[in-house]
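A.B. asks: If you scroll down you'll find the structure; I have some questions about it.
Just so it is clear, none of the values below were taken in a lab; they were calculated from the coordinates. This is a predicted model, so every value here is computed, not measured. In this analysis, Cβ positions are derived from the backbone assuming ideal geometry, glycine residues included, and neighbour counts consider all displayed protein chains.
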Amino acid sequence: MKREVDQGEEQDLIHTKIFKTDEIDTKERFEACMVLSGVGDALGFRNGRWEFCYSGRQIHYELEDLGGIENISVQRPDWRLSDDTIMHLATAEGKIALNLARHYVECMKDMNGRAPGETCMASCRKLKPDKQHGYLIPFNERGGGCGAAMRAMCIGLRFPRPQDLEDLIAVSVEAGRMTHHNPTGYLGSLAAALFTSYAIQGCPVRQWGKGLMDCLPKALMYVQSQGRHVKDNERTWNYFEDQWKKYLAERCISDGESDPVFPLRYGIDERDKIYDSWSFTGWAGSSGHDAPMIAYDALLFAGNNWEELCHR
């Protein structure tokens with residue numbers, strides 16, 4: 001008889017089926033993704049002090065006073081996880097749409113002091129995980145925030161192979177629009193999941209942006225196939241894609257093969273201005289398109305240097 005596997009067994013099966021060689025390294029990569037995403041979140045959040053600071057210069061002054069990245073011990077009470085990691089863990093624990101909805105609703109009970117966004121909270125109140133189709137919410141003209149992108153990395157871990165792309169698109173889009181039913185919001189979820197799958201595959205970082213552009217038409221076809229608020233989604237679709245096309249052209253990596261080109265001066269103040277120029281409302285990183293864009297830009301520049309990645 002075919003038996004049902006538990007979550008731990010399922011994860012082990014994913015590892016062995018996807019990567020027949022170098023299993024230990026692969027497992028370490030999966031674990032590092034989950035742990036370091038939480039570390040990065042706690043660093044950037046700093047109990048709300050840095051997340052809501054608009055000045056990169058001020059943050060770096062304070063970081064220097066703390067002795068730099070290498071001298072920070074990321075632990076409570078000074079370095080709590082924000083709402084982003086709590087919802088990321090909820091995504092990782094959920095397997096299907098209704099389970100995701102249930103975990104999202106449940107995790108709202110653990111948001112004290114974590115600064116969850118208004119869109120996430122309001123949307124979670126609309127989720128009805130005990131009812132059929134209770135994970136569906138209406139289209140939201142103001143649902144373009146970064147919350148969906150922040151919790152989607154683990155979807156790329158669940159669907160890391162090229163042949164998993166259709167599942168990755170479906171799950172990242174649906175998980176995203178449970179709270180951010182607007183393409184600018186839930187396509188950030190797709191970007192985070194897709195880039196994580198590329199990282200697991202070992203694809204060069206310079207190729208990821210073009211891969212996202214190649215994936216967007218498939219994502220639109222998926223949204224159209226589901227028949228929910230199709231006209232609203234089509235009407236607002238182009239903003240995310242247009243902004244990413246501009247960014248890839250700015251970095252000269254639209255072809256996915258060229259090395260990225262950065263400004264000759266690209267320090268803290270220059271980055272603040274450039275990040276702001278990519279934003280929707282002047283708050284850099286607060287939307288679904290520019291949150292993964294800034295992270296991608298940092299990865300392109302920092303390479304394998306963790307400290308440099310954190311600085312950017």
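A.B. asks: Counting helices only, and only those DSSP H runs with n ≥ 4, report the 222 nm mean residue ellipticity of the chain as the sum of -39,500 (n - 2.57) divided by its residues, in deg cm²/dmol to the nearest 500.
C.D. replies: -18500 deg cm²/dmol
A.B. asks: Also: If neighbour count is taken as other Cβ atoms inside 10 Å, put Val171, Val105 in order from fewest to most.
C.D. replies: With the sparsest Cβ surroundings first, the list reads Val105, Val171.
A.B. asks: What residues qualify as long-range amide H neighbours of Ser279, i.e. H under 5 Å apart, gap of 5 or more or another chain, H built at 1.01 Å from N?
C.D. replies: none
A.B. asks: What list do you get for Arg80, Arg49 if you sort them by fewest beta carbons within 10 Å?
C.D. replies: Ascending number of Cβ neighbours within 10 Å: Arg49, Arg80.
A.B. asks: Same structure, new question: Where nothing but the Cβ of Lys and Arg (+1) and of Asp and Glu (-1) is charged, how large is the charge dipole of the stretch 26-311 around its Cα centre, in debye to the nearest 20?
C.D. replies: Approximately 1020 debye in magnitude.
A.B. asks: Shifting gears a bit: Beta carbons within 10 angstrom, averaged per residue: use that to sort the peptides 259-270, 138-149, 181-192, highest first.
C.D. replies: In decreasing order of mean packing, 259-270, 138-149, 181-192 become 181-192, 138-149, 259-270.
A.B. asks: Specify the inter-centroid distance of the stretch 213-289 and the stretch 121-137, based on alpha-carbon positions, in whole Å.
C.D. replies: Spelled out, the Cα-based centre of one part sits 28 Å from the other.
A.B. asks: Please tell me which of these pairs span more than 26 angstrom C-alpha to C-alpha: Lys27/Lys246; Lys128/Lys218; Lys210/Lys273; Lys126/Lys273?
C.D. replies: Lys27/Lys246; Lys128/Lys218; Lys126/Lys273, as the Cα separations exceed 26 Å there.
A.B. asks: Run the simple label-point estimate for Arg76 and Glu106 please: 7 Å along Cα→C-beta, distance reported in nm.
C.D. replies: 1.8 nm
A.B. asks: Near the amide H of Gly145, under 5 Å away, which other amide H atoms are found, from residues 5 or more places off or on another chain, if H is placed in the peptide plane?
C.D. replies: Close amide H contacts, sequence-distant or interchain: Gly288.
A.B. asks: Continuing with the same structure: Could you please rank Val223, Val230, Val205, placing first whichever residue has the fewest other Cβ atoms within 10 Å of its Cβ?
C.D. replies: Least crowded to most crowded, the residues run Val230, Val205, Val223.
A.B. asks: Show me, for the stretch 170-185, the HN-Hα J-couplings you get by feeding each phi into the Karplus relation (A = 6.51, B = -1.76, C = 1.60, θ = phi - 60°), rounded to Hz, glycine and proline as x.
C.D. replies: 4, 5, 5, 5, 5, 4, x, 8, 5, 10, 10, 7, 7, x, 4, x
A.B. asks: Return the whole-Å distance between the Cα centroid of the stretch 163-191 and the Cα centroid of the stretch 19-83.
C.D. replies: Computed from Cα coordinates, the inter-centre distance equals 24 Å.
A.B. asks: Compare the peptides 292-302, 114-124, 160-170 by average per-residue count of other Cβ atoms within 10 angstrom and give them in order, highest first.
C.D. replies: Descending mean neighbour count gives 292-302, 114-124, 160-170.
A.B. asks: What are the extents of the Cα atoms of the stretch 169-274 along their three principal axes, listed from largest to smallest and rounded to whole Å?
C.D. replies: 47, 31, 21
A.B. asks: Explain nothing, just the number: relative contact order of the chain, from Cα pairs under 8 Å at least 6 residues apart, as a whole percent.
C.D. replies: 15 percent
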